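Novice: Below are the structure tokens for one structure; questions will follow.
The values are calculated or read from the model by the stated rules, or taken from the named source; none is laboratory data. All figures in this text were calculated on a predicted structure; none of them were measured in a lab. No Cβ is skipped: glycine too gets one built from the backbone with ideal geometry, and neighbour counts run over all protein chains shown. Accessible surface is based on the protein model in full, side chains and every heavy atom, while ligands, DNA and RNA are left aside. Shrake-Rupley method; radii C 1.70, N 1.55, O 1.52, S 1.80 Å.
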Amino acid sequence: MSRLEAKKPSLCKTEPLTSEKVRSTLSVLKGVIASCYGPSGRLKQLHNGLGGCVCTTSQSSALLRNLSVTHPVLKVLTSSVQNHVSCFSDCGLFTAILCCNLIENIQRLDLTPATAIKLNKYLLSLCTSYLKSEACSCRIPVDFRSTHTFLSLVHSILTSKPACMLSRKETDHIGALILKAFLLTIPESTEERMVLGRSIIVPLKGQRVTDSTVLPGLLIEASEVQLRRLLPTQNSSDLRVALFCTSLSGDFSNAGEGTVVVHHQVSLENAVLEQLLNLGRQLVTDHVDLVLCQKVIHPSLKQFLGEHHIIAIDRVGVTLMESLSKVTGATPIGSLNPIVSTTYGSVKDVCSARFGSKHFFHLLPNEATVCSLLLCSRNDTAWEELKLTCQTAMHVLQLTIKEPWVLLGGGCTETHLAAYVRHKVHHEAEAIVRDDGCSQAKLHVAAEAFCSALESVAGSLEHDGGEILIDMKYGHLWSCQADSASVGNWSDTLSRCGCGLYNSQEELNWSVLRSTYHPFAPQTCLPQAALGSASNLTVDCFTAKLSGLQAAVETANLILDLSYVIEDKN
């Protein structure tokens, strides 16, 4: 027996945020994340010292998944952001940057954690109430009679992911395909509760992005030999389908624990094969036209089914099983027992399809709530990033169906919110402190830290040394290049605000972002004339951004409230 070491005592650290090491590590993490933010964000390459695949990305989901974080405080932050992204797919970088900014700003103030947390909660409620109100001028209702807002939303997501390496033409093409694929997942006839279908992304690497396409139904990759042998099948009516999730190879991989007793002179292989053939005979009797199997089908059973003009496709994989069940309406069969007729499904047709060097079985459903997005890209890195981006866009469209609003993007919502909160606190400070029981001085410094954190998120969109401004009428963000004109000629230098809603030809005054300016009331109630004149808006998902705002503030409060970190060193 090897010698056991004595158990080490747990390491207990008080007030973790007062440690210079923790502060500097938090600052480094913020720098890494903030440098990825927006359409001109910088890419990150992540790999380990032992080799393996290299991840090139600017997306929070891939970045945090591959980033090694060891300090418990940072683990709380990254876990919170990852949880948000797993639920909403979008606004992960926004959440992380805002959380880091808020922690750093509060740490510089002479406020107790309890006071800072209470005031942060109030300021958060101020923001969420405004964003949900009809008076909010950075929230746009979605018009379901037009695809304009949906396309703007998808376009904003695609352009914010530079690792996809898409040109303008490719962005428009992929955006239209994503919207088409999403619309195909919406059932034509809905009951009380609408259930959306699924869109399956099929990889085709090494092809032009503009070769990507969307097809109703499901594509199952196969060899050219398989297609020639199994197709075509002439059927005037729907094809009856049997879907198996168990192996039909005749092996005993799923026999479980225990002993198998075999009688003398009994061939186990022949007995299993006979059972498989009995199953095949029932499929023939039940007039099944198509057999789909998640695993392997025994060659003899395949031959038997082929002789009776039944198409048998095996090795479809576990990832497609749910979609196959939805496309066909069949219930997956998990045993070799006699089949109940209600487990069968149907498809309209099965045909062959070829894209590039790949061949596919194409299952055409009776109701197309499942579709295949054949996604092409020039290389593996760009394809992986594009796949993740398409999945994000699909999820965001689903969220927008549930809550039909979008928020103005390009940093304009953040700067507008900051202006709104400053004005609200400046003019209603007395009433606020009367209810919350703190001094006006503490309220003002906490509000300034909160607003500065929001503005820093918007400022993170600029990566090339340009100047970031805010207008004194709408509270929108404006950006100009580093070599542009002086402050006196802003109207000649600027073109449109970050979201694209307003242009610089209006009578506007600007101030440099994060400089001192007198609090003003940003114009509320979005003007329909301005909305109609803007052709290409940059917008964000309302649900994802609102949740990200809440997650950022709540996570910052949790970290600010930490008094001890206890680590088990064993």
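Novice: So what's the Cα pair-distance distribution over the range 275-412, bin width 10 Å, in %?
Specialist: Per 10 Å bin, starting at zero, the Cα-Cα P(r) for the range 275-412 comes out as 9, 31, 29, 17, 11, 3, 1 percent.
Novice: Show the residues, 5+ positions off or on another chain, whose built amide H is closer than 5 Å to the amide H of residue 217.
Specialist: 370, 371, 372
Novice: If you don't mind, another one. Is it possible to state the helix-based mean residue ellipticity at 222 nm for the chain, with each DSSP H run of 4+ residues giving -39500 (n - 2.57), the sum divided by total residues, to the nearest 500 deg cm²/dmol? What is it?
Specialist: Counting only the DSSP helices, I get -14000 deg cm²/dmol.
Novice: In the chain, what percent of the accessible surface is made up of carbon and sulfur (1.4 Å probe, ligands and nucleic acids excluded)?
Specialist: 50
Novice: In addition: Where in the chain are the DSSP H helices whose alpha-carbon span along the long axis reaches 15 Å or more and whose Kyte-Doolittle mean is at least 0.5?
Specialist: Flagged H segments are 20-34, 72-88, 92-107, 148-159, 440-459, 542-560.
Novice: Suppose we keep just the alpha-carbon trace of the range 57-208; what are its Rg and Dmax in angstrom?
Specialist: For the range 57-208, the Cα radius of gyration and maximum Cα-Cα distance read 20.0, 60 Å.
Novice: Rounded to whole Å, give me the distance from the Cα center of the range 199-232 to that of the range 374-436.
Specialist: Cα centroid to Cα centroid, the span is 35 Å.
Novice: Distances over 23 Å make up what percent of all Cα-Cα pairs in the range 422-515?
Specialist: That fraction is 36 percent.
Novice: Measure off 7 Å from each Cα along the Cα-to-Cβ vector at residue 211 and residue 27, then give the distance between these two points in nanometres to one decimal.
Specialist: Computed distance between label sites residue 211 and residue 27 equals 5.0 nm.
Novice: Where in the range 263-330 are there trypsin sites (Lys or Arg not before Pro) that are in a DSSP coil and have at most 15 other Cβ atoms within 10 angstrom of their Cβ?
Specialist: 315
Novice: What fraction of the Cα pairs in the range 1-98, stated in percent, has a spacing above 24 angstrom?
Specialist: More than 24 Å apart: 35 percent of the Cα pairs in the range 1-98.
Novice: Taking a probe of 1.4 Å, how large is the accessible area per residue of the chain, in Å²?
Specialist: In whole numbers, the chain has 49 Å² accessible per residue.
Novice: How long is the range 353-473 along each principal axis, judged by its Cα atoms, biggest number first, in Å?
Specialist: Answer, in whole Å and largest first: 71, 40, 26 Å.
Novice: Still on this structure, please answer the following. log₁₀ I(q)/I(0) of the chain at q = 0.10, 0.13 Å⁻¹, via Debye over equal Cα point scatterers, no solvent, to two decimals?
Specialist: Normalising to I(0) and taking log10 leaves -0.95, -1.27.
Novice: If I take the Cα coordinates of the range 297-348 and project them onto the principal axes, what are the three extents in Å, biggest first?
Specialist: The Cα atoms of the range 297-348 stretch 28, 25, 24 Å along the principal axes, largest first.
Novice: Okay, next question. What longest range of the chain stays clear of loop-exposed GluC sites (Glu not before Pro) (DSSP non-H/G/I/E/B, at most 14 other C-beta within 10 angstrom)?
Specialist: Formally, the longest exposed-site-free interval is 368-505.
Novice: List the pairs from 21/545; 302/348; 75/387; 132/473 whose alpha-carbon separation is above 24 Å, in the order I gave them.
Specialist: Pairs exceeding 24 Å: 21/545; 75/387.
Novice: Restricting the count to DSSP beta bridges whose residues both fall in the chain, what percent are antiparallel, rounded to a multiple of 5?
Specialist: In the chain, approximately 70 percent of DSSP beta bridges are antiparallel ones.
Novice: Just want to confirm a number: the relative contact order over the chain, from Cα pairs under 8 angstrom separated by 6+ residues, in percent.
Specialist: 25
Novice: Please list, in order along the range 216-223, the HN-Hα scalar couplings obtained from phi with the Karplus expression 6.51 cos²θ - 1.76 cosθ + 1.60 (θ = phi - 60°), rounded to whole Hz, x for Gly and Pro.
Specialist: In residue order, the calculated couplings are x, x, 10, 9, 10, 5, 8, 7 Hz.
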